[in-house]
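The values are calculated or read from the model by the stated rules, or taken from the named source; none is laboratory data. On a predicted model such as this, the values are computed, not experimentally measured, just so you know. Neighbour counts are summed over all protein chains in view; Cβ atoms, including those assigned to glycine, are modelled from backbone coordinates with ideal geometry. Ligands, DNA and RNA are excluded from the accessible area calculation, which covers all protein heavy atoms including side chains. Shrake-Rupley method; radii C 1.70, N 1.55, O 1.52, S 1.80 Å.
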Amino acid sequence: MPKMMRIGETSLFLLITIVPLALSRGHDYGLALTKSILFFEAQRSGYLPSNQRVKWRGNSGLNDGKTNGVDLVGGYYDAGDNVKFGLPMAFTVTMMSWSILEYGSQMAVSGELGHAMDAVKWGTDYLIKAHSESHVLYGEVGDGTTDHYCWQRPEEMTTSRNAYRIDENNPGSDLAGETAAAMAAASIVFRRAKPAYSRELLKHAHQLFEFADKYRGKYDSSISVAQKYYRSVSGYADELLWAAAWLYKATNEKYYLDYLGENGDALGGTGWAMTEFGWDVKYAGVQTLVAMFLLGGKADSHAPVFGKYQEKAEMFMCSCMGKANHNVQKTPGGLIFRQSWNNLQFVTSASFILTVYSDHLTAARKHLQCASGSVAPSELLAFAKSQVDYILGNNPRATSYMVGYGNHYPQQVHHRGSSIVSIKVDPTFVSCRGGYATWFSRKASDPNLLTGAIVGGPDAYDNFADQRDNYEQTEPATYNNAPLLGVLARLHVGSHAAHDPLLPVEVPLHKPFEVQPTPHAAPIEIDQKVSSSWVLNGRTYYRYSAIVTNKSKRTIKNFSLTISKLYGPLWGLTKTAGGSYGFPAWVSSLPADKSIEFVYIHSASFADVLVSGYTLV
């Protein structure tokens, strides 16, 4: 795994002069999005589903948790090894969920929303198992020491599968807090498609936050085997705020808003100006979320405190763009550079923050205020795009750092599964040390293509050595890819509002999505489905059918719906002066067990349809 081996300090770096690139070309962001999601299927642990697309992988880790008396089968391997680390896994789920929440409609147009949601659910299914009791959370299966001694396929690993947990006597507020954030964020993702599952996730999130806040401590003090690999340098204060922010976003409960306002100073949310955002240090992420609450008018009485969060969030963005008093370091080719070991994790996470904030600034009709002056939202997006383009090949080496994308990409990835012949091709047992002798030391391309993996990336001078033993540069990680999903979807499709001249829209036709139930207020049931789709002027449009059914034994009158995220025409309902929707002119009531249908067309995912009022007569 791209391990700790890094300093969690907050010092800022001077900007290195950027050398303009001679080569500039467009990228197929839709293809990159498809590949980046596919990578998560290669990282799956447990029983693989029938629709598994990465065919060279097989079932693995089928006894995980057994010696501890719990079922811990499933989840993700974090990187190129066969250990399941809870902290980076939970962060991966949080960032995939955030990507979907911001750019789910763009993913739908790209035909990837279902795959992205599957990737989130593979993680949350495991996290639910890991949270076996309200104040017990398993944070690791396997350990890095024994795992790294061996080079084996996950399907036949012989290394230790001990499981390690936190509880009231061995706390881990950072681990519990991040897992609460993941559960809360994912609960929003599944709110319409799987409402019961969404409520289950939210229940776990509430319990985990209470556990994290009440029994405080660093998780790596309780799970000491994680210290060498995923040490929590920043401590747990940032995760407490991060979890509270996501729980507020998921519930709108004032308790969590007040927690952010009342604890911002004490827990560092208003004080730390960071130059990184990732699985360890969450401050820039929570500062951006709170800034978005403020922009959206949700600060309540905490506006002055939230303004301090926003100031620090914008300092992070300004420093990334080279427009602050002190700026992050960049390579001569223009890439954000934080550290030699797996640097691209910080590039993808920063690019996501800049992209999201750009869109929220645009919606609020505001600019970013930097030391060098006012910065338009389009400049944030353009800088994020430049970082993604660098990853995809617009760099001095003309190398794509996404495996399987472009003509020149890493061939010797530091990854056990991809570097050893598939067990389905050759089931001959690969021993612990024999794997090093036979497969690790091979000076040849991997037998299995790890499609979509974002590797560690180049050094401070844009140099890169494509060698399997060069783990600092050639090892991938799930949290490298997770933030990139949203950015790629945004760059591929653009914003909701209109065609973005910076981003040409080229949307292929995709098959319809499955039926997705919409949350409803009993006794009214609403089911939506895609009934047809077509391409017009390069954009894919979908016709949605929504069936409203009276499940009660009485007649419904004064019916009212609130519909948001609707970007096209609607038929079959009457829009009221207040902006809600009621029965069509030819319907005055809806008898028991009867239904009406309305339809709408737009080039996005399902609209949010909620019952806002009715009378039973």
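For region 183-229, what are the residues that are acidic (D, E), closer than 17 Å to L241 by Cβ and surrounded by fewer than 17 Cβ atoms within 10 Å (Cβ to Cβ)?
Going residue by residue through region 183-229, those that are acidic (D, E) are 200, 210, 213, 220.
From the residues that got through so far, the ones that are closer than 17 Å to L241 by Cβ too are 210, 213.
Hit for region 183-229 is E210, nothing else.
β-branched (V, I, T) and surrounded by fewer than 22 Cβ atoms within 10 Å (Cβ to Cβ), is that true of T146? Taking the combined requirement at face value, the residue satisfies it. Tallying residues that are within 23 Å of D469 (Cβ to Cβ) and not aromatic (F, W, Y) within region 124-154 yields 11.
Out of the residues in region 66-109 that are among the polar types (S, T, N, Q) and open to solvent by 10 Å² or more (accessible area, probe 1.4 Å), which is nearest to the chain's Cα centre (by Cα)? If we take residues in region 66-109 being among the polar types (S, T, N, Q) and open to solvent by 10 Å² or more (accessible area, probe 1.4 Å), then S105 is nearest to the chain's Cα centre (by Cα).
Counting just the residues of region 571-615 that are charged (D, E, K, R) and more than 30 Å from Q106 (Cβ to Cβ), which one comes out most open to solvent (accessible area, probe 1.4 Å)?
Pass one, region 571-615, residues charged (D, E, K, R): 575, 593-594, 597, 608.
Still in the running and more than 30 Å from Q106 (Cβ to Cβ): 593-594.
Numbers: D593: 95, K594: 115 Å².
Per the stated criteria, the residue is K594.
Whether any residue in region 419-429 is part of a helix (DSSP H, G or I), touching a residue at least 12 places away in the same chain (Cβ under 8 Å) and open to solvent by less than 10 Å² (accessible area, probe 1.4 Å) is what I want to check. Spell out the reasoning first.
First, the residues of region 419-429 that are part of a helix (DSSP H, G or I): 419.
Subsequent filtering for residues that are touching a residue at least 12 places away in the same chain (Cβ under 8 Å) retains 419.
With the extra rule that they be open to solvent by less than 10 Å² (accessible area, probe 1.4 Å), the set shrinks to 419.
Taking every residue of region 419-429 in turn, at least one turns out to be part of a helix (DSSP H, G or I), touching a residue at least 12 places away in the same chain (Cβ under 8 Å) and open to solvent by less than 10 Å² (accessible area, probe 1.4 Å).
Does region 69-78 contain at least one residue that is at pLDDT below 95 and not small (G, A, S)? It would help to see each step written out before you state the result.
Kept after step one, since they are at pLDDT below 95, are these residues of region 69-78: none.
Scanning region 69-78 turns up no residue that is at pLDDT below 95 and not small (G, A, S).
Filtering region 139-175 to residues that are within 18 Å of Y47 (Cβ to Cβ), under 25 Å from the mean Cα position of the chain (by Cα) and part of a loop (DSSP other than H, G, I, E, B) leaves only G142.
Considering only residues that are under 18 Å from Y138 (Cα atoms) and of a type in the set (G, A, S), which ones fall in region 36-74? Listed by number, the residues that qualify are S45, G46, G61, G65, G69, G74.
With respect to T179, is the statement that it is open to solvent by 10 Å² or more (accessible area, probe 1.4 Å), within 18 Å of D78 (Cα to Cα), touching a residue at least 24 places away in the same chain (Cβ under 8 Å) and polar (S, T, N, Q) true? Spelling it out, it is not the case that T179 is open to solvent by 10 Å² or more (accessible area, probe 1.4 Å), within 18 Å of D78 (Cα to Cα), touching a residue at least 24 places away in the same chain (Cβ under 8 Å) and polar (S, T, N, Q). Only one of the numbered conditions (1) open to solvent by 20 Å² or more (accessible area, probe 1.4 Å); (2) farther than 24 Å from Q345 by Cα is not met by D118, and that is (2).
If only residues of region 395-413 that are more than 23 Å from the chain's Cα centre (by Cα) and farther than 13 Å from F464 by Cβ are counted, the one that is least open to solvent (accessible area, probe 1.4 Å) is G406. Of all the numbered requirements in (1) small (G, A, S); (2) over 30 Å from Y405 (Cβ atoms); (3) at pLDDT below 80; (4) assigned to a loop (DSSP other than H, G, I, E, B), A497 misses one, and that requirement is (2). Annotation note: of R365, R442, the sole residue that is more than 25 Å from the chain's Cα centre (by Cα) and free of Cβ contacts under 8 Å to residues at least 12 places away in the same chain is R365. Which of the residues spanning region 368-394 are open to solvent by 10 Å² or more (accessible area, probe 1.4 Å), in contact (Cβ under 8 Å) with a residue 24 or more places away in the chain and either over 19 Å from L33 (Cβ atoms) or of a type in the set (A, V, I, L, M) (or both)? Q369, C370, A371, S372, G373, S378, E379, A382, F383, listed by residue number.
Of the residues K254, K282, the single one that is open to solvent by 60 Å² or more (accessible area, probe 1.4 Å) and not β-branched (V, I, T) is K254.
Checking each residue in region 286-328 for being open to solvent by 40 Å² or more (accessible area, probe 1.4 Å) and in contact with a strand residue (DSSP E or B) (Cβ under 8 Å, 6 or more places away or on another chain) picks out only K323.
Taken together, T399, T428, T451 contain a single residue that is more than 23 Å from G144 (Cα to Cα) and touching a His at 6+ places or on another chain (Cβ under 6 Å), which is T399.
Results for (1) within 30 Å of S110 (Cβ to Cβ); (2) in contact with a Ser or Thr (Cβ under 6 Å, 6 or more places away or on another chain); (3) modelled with pLDDT of 95 or more; (4) open to solvent by less than 10 Å² (accessible area, probe 1.4 Å), shown as yes or no for each residue.
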{"site": "K443", "(1), (2), (3), (4)": "no, no, no, no"}
{"site": "Y471", "(1), (2), (3), (4)": "no, no, yes, no"}
{"site": "N481", "(1), (2), (3), (4)": "yes, yes, yes, yes"}
{"site": "G486", "(1), (2), (3), (4)": "yes, yes, yes, yes"}
